[in-house]
Structure formats: C-alpha cells, structure tokens
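Right, one structure below, let's go through it.
The values are calculated or read from the model by the stated rules, or taken from the named source; none is laboratory data. What you see is a predicted model, and the numbers here were worked out from it, not measured in a lab. Note: ideal-geometry Cβ built from the backbone for every residue, glycine included; neighbour counts use all protein chains shown. Each accessible area value is taken on the protein alone, full model and side chains, heavy atoms only, with ligands, DNA and RNA left out. Shrake-Rupley method; radii C 1.70, N 1.55, O 1.52, S 1.80 Å.
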Amino acid sequence: MQERVHLTDKQINDDLLIGVETHPRWWFIAVGFLAIMVATAGGAFGYMINQGLGVTGLNRPVMWGFFITNFVFWVGISHAGVMISSILRLSQAEWRRPVTRAAEVLTIVALMTAMLFPLMHTGRPWRIMYWVFPYDFARGIWPNIRSPLVWDPSAIFTYLISASLFVFVALIPDLAVLRDRSTGPRKQIYGVLSLGWRGTPRQWRLQAIAGILLSALILPVFVSVHSIVSWDFGMTMAVSSWHSTIMAPYFVIGAVHSGVSAVVTVMILLRWAFKWEKYIRPEHLDGLGKLLVVVGTTWFYFFILEFLFGLYSQEAAEVSLRNLLIYQWPWNFMFFIFLATAFFIPIPMWLFRGVRRSVILMLLTSILVNIGMWLERFLIIVPGLTRKADFTFVWGTYRPSIIEIILVAASFAFVTLMILLFSKVFPLIPLFDQKEGKVLEATTRIGRRDVPSIVREE
Amino acid sequence: MSRVRQQELHSLLELPRPTSQEINDDILGPTVTIGPQFKTAVGGLGIIVALGVAGFILKAADGFDDRTNWGYYAAVFAFLFTTCQGALLVSITMRMAKTHWRRPLARVSELFAIVGFFNLLVFLPLLWTIPIADERQSIWFEWPWGAPRVMDALAMIFLVINGLALLWASSIPDLALYGKRYGGTRGAIARFLSTGWNGTPIQWKILKAGQGILGGLYWVFLIGVHFMLSSDFAMSMVPGWVDAIFPAFQALSGLQSAVATTMVALYLVRRFGRHDQYIYMEPFWALSKILLGLTLLWFYFWFAGFITFWYGRKPIEINVLQLLMIGPYRVAFYLAIFLTFVVPFLILMWNWVRRTPGGPTLASAVILVGTFMDKIRLYVGAYSFTDQELTDAFHHESAFVDEVLPATGPLIPSFFQTNWPDGSDILVIAGGLAMPFFIYLLATKFIPVISIWETKEGYLLSGVKTVLRRRYLVLAKPD
Amino acid sequence: MTTFIPKRSLLGLFSTADGAADAVEGLQDQDFDDKDFEIMSGTPYPEGAFGEKTTNHRLYVFPFIGAALGFAVAILLTTATQVSYPLVTGGKPILSIPPMAIITYEGTMLGAIIFTVLGIIFESRLPRPKLGLYDERITAGYVGILVTTTEDRFKTAKEILTKAGAEDIKEGEPD
C-alpha cells in the first residue's frame, strides 16, 4: 500500500535542500570527528610507507589480507547505486524515487575508497608511475599484459566515470533549483554547473530518456566490474579454491546484496539526520526489503554452488579449505557468523512485512548483512591462501596488524565523511523525481474504495 | 463490440473496453468450437508424435546399456524441460511483480504445465541411462538409496505436480464459468475441476495466496531440478569436469528460453487463436526487454565459465573445452552461440523492432533453435563416455582428466568422435519437438487460453485520466 | 535568408499548470508556431501534457558513435601492448582474444556512455551561456511560458497570457 503525502513544489524544495541550506551543529561535529579518524589513518599510512609492508600482518603464504578484502568489500558496496537506480528505473518502480541519488553517490564514494586500497597494498604507491610507464622495458622485465590484474583498473575507471556522469546528468535540474535559490558566488557556481537549464519540455524529455538509456548502458558495466574483480581470484591456478567458474556471478550478486543493504542503512541514517520522514517512508524500506529477499536468496544459491562444487572436485586443497572453515577455530566461528549475518538472520526476518516496514529492524538487519559480507570476502581470500598448496615451505597464517585495522576502520569514516560533504553541496534526494511522482499520482475508485493509482507514460 | 485487428494498438489506453459478458463470449467462444484448421493441425502433429514414440521404441529395443544411443533423446528431453517447464515462470514472476501487462500472457504460459506432465513421461526412461552414484564423481557423494535416480525422479514428479496445481489454481474461476455455460463431457470436467467455485471475497483471497505459494515453490523446484539435471545428466557424466557455474548457467538458459517459449506461444495464440483483441502489444514490448537482458546474461554466464577454463589450462579444462566447444560438437556450439546470443541480440537491441509483435517472436524462435543446439552439444557430448571411464577417473587413472588429448588427428579417443543422429534419433527429435504443440493445442480446448478473470481484473484496475491536455493510462495498485 | 524582423520576448508566469496549458492552447489557436513559445517548468510533466508538439531528437545516434570509437581505441591499445611485449605466458598466444575482449568491452561501454552524456547535453540544447528571460519562481512550482514574437503580434500574445491567468508577465529582449 502506498501512503500518499501531499506536498507543494516549494515545500519539496525546502525539505530536500535542508542539507545544503541549513547548518546544524551535528553536521560540524560529525564531520570533525570523521576528519580526525581519516587523519589518524593518514598517519598510519605514513608510518607504513616509512617502515614498509612489514608493519602489516601479511606473511607467507598469505600475501593478500585486510587491504584486498576491504578493496573487494567497497567495490561490492559500490554496486548499490547502479543496481538500485538502473533496475528500478527500467522497471518503472515508483518507490525508487527517493532512493536513487543517495545510492549513486554511495557508489562513487565507495569506488573511490576501494581504489585506495590496492594502492596502499603495493607498499610503495609512487612506484605505480614505473608500472604505468615502461619501467619494465628499461630494465628488461616483461610484464604480463594478459594478466587479469590489468582488467581491474580498466573496469573500475569505466565504472567510476560512468557513475559520476550518471549522477551529474540527473543532478542538472536540481542544480538549477539551487541556482535559483542561492545568491552571490554560490549562485555563480551553481549557474555554471546547471549549464543554463530552464526545464523546457524538450529538456525534461531528454532527462527522462537519459535516465533509461544511461541505466541500460551502465548495467552491463556494473555486471562486468565485480566479475573482473572476481577474476583477479578466479583466473589463478595457484590458489585452488579461487579457481572456480562461479566466481563472477557469485561476486556480483554478493555485491548487490551488500550494496543494497548499505543503501538501506544510508537511507535510514539520512531519514534521521535530515528529518526526511515524509520522503523516505516505510513503503520504500518495504520495497528494498523485498528486493533483498530475492537478491539474498540468489546469492545464497551461488554460495552453495561454490561450496558444493569445491567439495565435488575432491581436490586436496579444496577439501582442506572446507575442513578449515567448518572445523577449525577461529575460522569456523567466523564462518558461522558470516552465514548467520549474511543470510540466516536477515532473510527470514525480511519475509515479514512488519520487519520490512520497521525502520529500526531494517537498520539493524542491513548492518548485519554487511558484517557478513565483509567476512565473506575475508573468508574467500585469507583461508584460500593459507591452504593454497598441498605442501608448502611455511604453514603461516594471517593476523591483521593495528595499522591495517586503523586503515580499514578509517575507510568507513571516509565514506561517511564524503557523503556528509556531498550533502552540504548537493541534494541527496532528487527534487524533480519527487515532483514528477506527485504529478503522476492518481486514485481510481473501485466500488466503495479509493485505490492509489499511477499515471503511466509510454 | 466490433472486432478490430489491434495490430497498432499498444496498450490498454487505446483498446476498446468490453463488458464482462463480451469478454466471456470472446474468450470462451474459440475454446469450445473446434474448426477444420484445428483438426488438421492436431492430426498432423499427432502423426509426428506417433513417429517419435516409434523412435523411442526402436531405441528401447536396443536397451539402455549403450549410452551414446541415448544422447539425442536426452538432449530432446532437456530442451523440452528448459523451454516448456520453464515457461510457467513468466506468469509466476510477473504476477508476483504485479505487472498489468502479464494478464494476456498469464494463461498462455501456465498451460505449459500440461506439456510438463508429458515431458515427465519422456524423462523417466532416461533414469536408466545414468549409472548410480557409487564409484564415480557425483554431487550425491556417498548418498544411499540409489542416488541419483530416485532423487531425480522425485524432484521431477514434484515439479510436475506443482505446475499442474498452479495451473489448476489459476484457472478455477475460468473453469467455473466454462462449466456453467457449456454441457457435454468438457463442461462436466470443468465443473468437477472448479469445485463449486462461486467467487466470494474469501475464495479470491485464498486463491491469490495459493497462487503465490505455488509460484514460489515452483521457482525453488525448477532451479533445483535444473541443478540436478545439469549435474547428474551432464557434468558428472564427463570425467573430471568441475564447473560450479554450470547449473546456474543452465538455469539462466532456462529463464531465457522460458521467455522465448512464452513469446512464441503468445504470438501463435494471437495469430491463430482469434484472441488478438485481448493480446495487445505491450506484453511483447515488455517481454522483449526482459529477453534482451536474459540474452546478455546468457553470454555472460557462458563467458564466466569459459574464461576460467581458458585461463586455468589444466589438462582436464582443455579437454572439456575441446569436447564441448571446439571438438566434435563445434558445429552445434557455434550455432548455439550465434542463435542464443549474437542473432537475438542484434534483433532485440533496436527499439523499433521490440515494439512490433514479429521482431521479438523471431528473436525468440531463433533462441529456441539455439537452445536446442546447446543441449545437443552438452548432452550428446556428455553421453559419450562409458561407465568404466567414469570409474577410472574416480580412481585417478583417467587419461581424459590428466593429459591433454587430441580432439582431431589420427589418434582421436572414442569420446572425441562426433555422434551424429541416426534414424531413431531423427524420429525422436521430430516427435519430441512436435509433442508440445500437439498437447498444447488439445489443452486450449479444455482451459481458456486467455485468463478471463485476470483480463477482467485488468480492466477494473486500469482507467484513463486526463493530465492537463492529454489522456494517459492510469493503473491502480490495490496492495 | 529572410529579412531581419526585430522580435521581443515576454514571459508569463502561471501558478497552476492548468493556466499554462490554457495559455498554450490560446497561443496555438492564434496561430503561434511551436517555435515561437517555450514552456518552462520545475516539474517534469508527462510528455504532451500541455498540448505541446512532441520534439524529435537524435540521442540514439550518440551511443553508437561512442561505442565505435571506444571499441577502436581499445582494440588498438590491447593489440599494441600485446605486440610490444611479445612474451608467451602460460601457453597462451601472443595476441590472445579473451583477455583483449574484456578491455575492449570496457572501452566500448565507456565510449558509449561518454557520448551518450554529451548527446544528452547537446540535444537538450545545453550548455546555455545566458539564461535569457527567466524567473526564479519556475523552479519553485510556477510554470513559465516564454513567447518570442514580432512587435505586431506582441500584444496578442500578452493578452492570451493575461487571459489564461498569468500572475506576472515579464518583458525583455530575446537572447
């Protein structure tokens, strides 16, 4: 059931620009606190640069740890935006309206954060200059041009550029509102950014087509990005448990699972922070909850395939990895927590309408999913490496150092900080989408009941 | 109301709004009358189906020990399963998503449940062509009780019962109407099946909840059966082939061909069933967009599997690529890639093509041919190993698993030789492909091929509203 | 080229969309061409809601051009890098298609998306350096009708806007 809230255009402008036009004290406190956390991480990173990668817990044979886990996690979160805006736009789901922009912004911010981690992981990031320009040629070292690791930057840059342009195009009409409402230098800046938008029927029509066309074009990119991240693992033969054909769709759907959950978390926090109860309503959480049930179940199906066919192969490394995950402390504990938080607690709960419409329960369950999904990435990468070969010269394991923990924790602070900064400059809910939704509202009288209806454009 | 060809009419906005009585007449009329065209079609198809049965008898006379003899039979079964038994998902999913455009196609897709029942009969003999799970790699590991035969049979039976139950549940109101208006044997059957339905609010509520539950279960069963079939009848029949994405790829291929099947059936019902005023353009338009997405995903799933093997380059991976893609079944494989992905993609990518009824139908027909080719390369290929080779692989003594073998040249191993269809295979293929048409045509005379109650509900929940200066379609969303 | 006739603009502001639709109807009745007036709103009304003629666009050409360019650049890049470092790895050919396919795919999509965005901006007739005759109330819920016409029909236009219930009428030079 849709709840109908009646608002004028003026009121929508006032409400949704609250983040840009008002300056509450909590915002400054939050930004200050987060900035301190990020600065601390900057210090930790500096220390790591100075001392070398030895200050991390990386050790033979586990050479990929928290940084790569966190990279995969944030790329996963970045799948939220496009999933939400594209699929819901293409399927003309009405409840997408307040959700799209925040989701897209989350995409961009998460992707930028993700990109930092492989750079940190290199230990000496400035040397990337040597890799990009023909360092190897000069010293007779030959790179593997066909390595899957080369695909990663191409996919992530494509996705980042596409998502940013997508946000920008949808932002133009709202920038015009900001231009009309602000004064002084701000007016100048918004004026330039809004490109002289006036809202003629032609412009609106193109805006509508843009939403659909760009959605259709970005969806295939979105699928490719996490597939390619998964192929960083899947192409290798050195780590037996990574070499599975299911990796690509398993990563993509897992990314959607964690990404959409992250959108739920962000939406609820925004609802509290900016008092957007009239815009982000239980029906929107309900819609996201239903979507998550489908996504989560599909993800679980792929998880089963991955797990089962690892055992089916009966290769020693695969079987010993499953043995590690199920029977050995602390891996079995993490494995249990991962399954419980990513699937067995939230999905059955979301089957109930009451849960999907409860703000607080949705907040808690969506956070649970992301705890689980972070662990999932960790449990793919690290145990796989500890059991990568039947015989190895070191049976080392991995224990994250304080430096890694600080950097990972700060990545969450960084994402929150960036979203808060964005909210100071641009509206996080598209104004024009709300107004359009209002125009398209209708009611149909059937018998004795007024049924909420929607006007459909071709 | 006047009968107009709705060729150009796109949605409920432009359609004339018939009364309830007119809808009953228009839809039930063609259901009870049997014309000469119908008789010719059923007769002709009946003969082909009978030839197919003869082909089966020829095969059965040779026994079940030589597995290569059953490869094409398995491919035909897998094709029918993928297309016809998947078709129900279209109406299930679109009903769950509460789309309005599903109404004209809901029953068209659900009627395939009856074809599913006959496909179960095709399936049962296949159980004797696969070995039990002992002493070979299998998803059943050490499972007792004659795995995988018993499990696969049970899963398939549950699926078929589930499908029939769903068809029944969604046609009760229409059967009640049918039974009230017509006598004779068919009227009596309809009265019996409608179990005294009279459409009280509580009955509607239970009916809709029942459809939801049966639909959800059908999804679960169908994915489950896809999993079992692709692992028990294909993957585990090739020594050492480990491909975690394969069951999911087959399930996805099932979704793609389900949509294609529904589209072709919808087109045929519209063209020959005299129902063109209830089947307007929007279902084609909406389905074709989904079909385009699924076609892209088909390629994605295939590529995800392929690139992992291509990069891995273990001997077994090279051999599997040789067997199924570049070796004896390369013709079927290239056709599959072209017809399930390249050609439909090139057709469906154009907006104006998707807006016609012919374009998406053509793409769908092409996809169905491609899917059949895909089943041939997979199942005929998988059926070319002996039980001994499977056991050898289990004990790590298989050349197929441990060495890169030649797929061409003078020393081709036996499983790398192309198994072309023989006489009985051709009979089975012809009969198998005619079977769904035959059964479906007969079924349309017992159950209205357009869902009457859903059509009426559609008219009730849609209207026309003028926003400022133009008329638009308004769709009500009651829950 | 026709001879230059000086034109003037006027902007009628309507607090309701109905009034604006009346004004459009009035203008069309008085044989004002669709090029002579523009509707401006802060809300996307469904297409054709004001009774205006629907506009044509060529947006769909842009992604194809972009995709072709992106494809070409990506093929060049992947081929050139592989040929420049001719070292066999893992028994794969020097010029391997599967790894090329992925980068080519990303290049194609990137080209298509960048050109689509350029196309959207271009086809929306943006960027527009000067706003011209405009009112800030338009983004706050008003609908503006901007008529640009010759001096002799200026009065008629103004009457139509007033009669349709324009709350405010601004005059100015066309840009």
What is the average number of partner chain Cβ atoms found within 10 Å of a Cβ in C:78-88? 3
What is the spin-label model distance, in nm, from B:Glu397 to A:Ile402 if the labels are put 7 Å beyond Cα along the C-beta direction? 6.1
Within chain B, what's the longest stretch lacking trypsin sites (Lys or Arg not before Pro) that sit in DSSP loops with no more than 13 other Cβ atoms inside 10 Å? B:99-479
Which FRET efficiency, nearest 0.05, do B:Ala209 and A:Ile446 yield, Cβ-Cβ r, R0 30 Å? 0.90
Within a 10 angstrom radius of each residue's Cβ in A:169-177, how many Cβ atoms of other chains show up on average? Whole number is fine. 3
Let me know the longest stretch in chain C that avoids all chymotrypsin sites (Phe, Trp or Tyr not before Pro) found in a DSSP loop with at most 16 other C-beta atoms within 10 Å. C:61-175
Farthest positive-ward along segment B:249-408 dipole, Cα basis, beta-carbon charges - from B:Leu294, B:Leu348, B:Gly381: B:Leu348
Taking the Cα-to-Cβ direction at C:Glu25 and at C:Lys7 and moving 7 Å from each Cα, how far apart do the two end points lie in nm? 2.6
Rounded to the nearest Å, what's the spacing between the alpha carbon centres of segment B:163-237 and segment A:159-222? Just the number, please. 48
Other chains near B:322-328: what is the mean number of their Cβ atoms within 10 Å of each residue's Cβ? 0
Suppose a student asked you for the relative contact order of segment B:145-267, using Cα pairs under 8 Å spaced at least 6 residues apart; what percent would you report? 25
Filtered trypsin sites (Lys or Arg not before Pro), segment C:27-123: DSSP coil and at most 10 other beta carbons within 10 Å: C:Lys35, C:Arg58
Rounded to whole Å, give me the distance from the Cα center of segment C:67-119 to that of segment A:379-458. 30
Quick calc, segment C:68-175, dipole around Cα centre from Cβ unit charges on Lys, Arg (+) and Asp, Glu (-), nearest 20 debye, gives 400
With only Lys, Arg, Asp and Glu charged, each at its Cβ (+1 for the first two, -1 for the last two), find how big the charge dipole of chain B is about the Cα centre; round to the nearest 20 debye. 3040
In Å², nearest 100, what accessible area do chains C and A bury in total when the solvent probe is 1.4 Å? 5200
Spin-label zone in segment B:397-435 - amide nitrogen under 13 Å from a point set 7 Å from the Cα of B:Lys39 along the C-beta vector: none
I need the trypsin sites (Lys or Arg not before Pro) found in segment A:60-125, filtered to DSSP loop residues with at most 12 other beta carbons within 10 Å of theirs. none
Roughly how many Å² is the accessible area per residue of chain B, as a whole number, for a 1.4 Å probe? 38
Using only protein heavy atoms and a 1.4 angstrom probe, determine the accessible area buried between C and B, summed over both sides, in Å² to the nearest 100. 1400
Before anything else, pin down the relative contact order of chain C: Cα pairs under 8 Å, at least 6 apart, normalised by residue count, whole percent. 51
About the Cα centre of the protein assembly as shown, what is the dipole size in debye to 20, counting +1 per Lys and Arg Cβ and -1 per Asp and Glu Cβ, all else neutral? 2040
Packing-ranked peptide list from A:44-57, A:285-298, highest mean Cβ count within 10 angstrom first, is A:285-298, A:44-57
Given Cβ charges of +1 for Lys and Arg and -1 for Asp and Glu, the option among A:Leu149, C:Thr16, A:Ala317 whose Cα lies farthest towards the positive end of the dipole of the protein assembly as shown is C:Thr16
Sorted list, accessible surface of protein heavy atoms, 1.4 Å probe, largest first, for B:Ile452, A:Ile367 is A:Ile367, B:Ile452
Accessible area buried between chains A and B, both sides summed, probe 1.4 Å, in Å² to nearest 100: 3800
Solvent-accessible area, 1.4 Å probe, carbon plus sulfur percent, for chain C: 61
Counting only protein heavy atoms, what percent of the accessible surface of chain A is carbon or sulfur at a 1.4 Å probe? 70
At 30 angstrom or more along the helix axis (alpha-carbon based) and mean Kyte-Doolittle of 1.0 or higher, what helices does chain A contain? Whole DSSP H runs only. A:25-51, A:100-121, A:148-181, A:247-273, A:359-386, A:402-425
Report relative contact order for chain A in percent, whole number only (criteria: Cα-Cα under 8 Å, sequence separation at least 6). 30
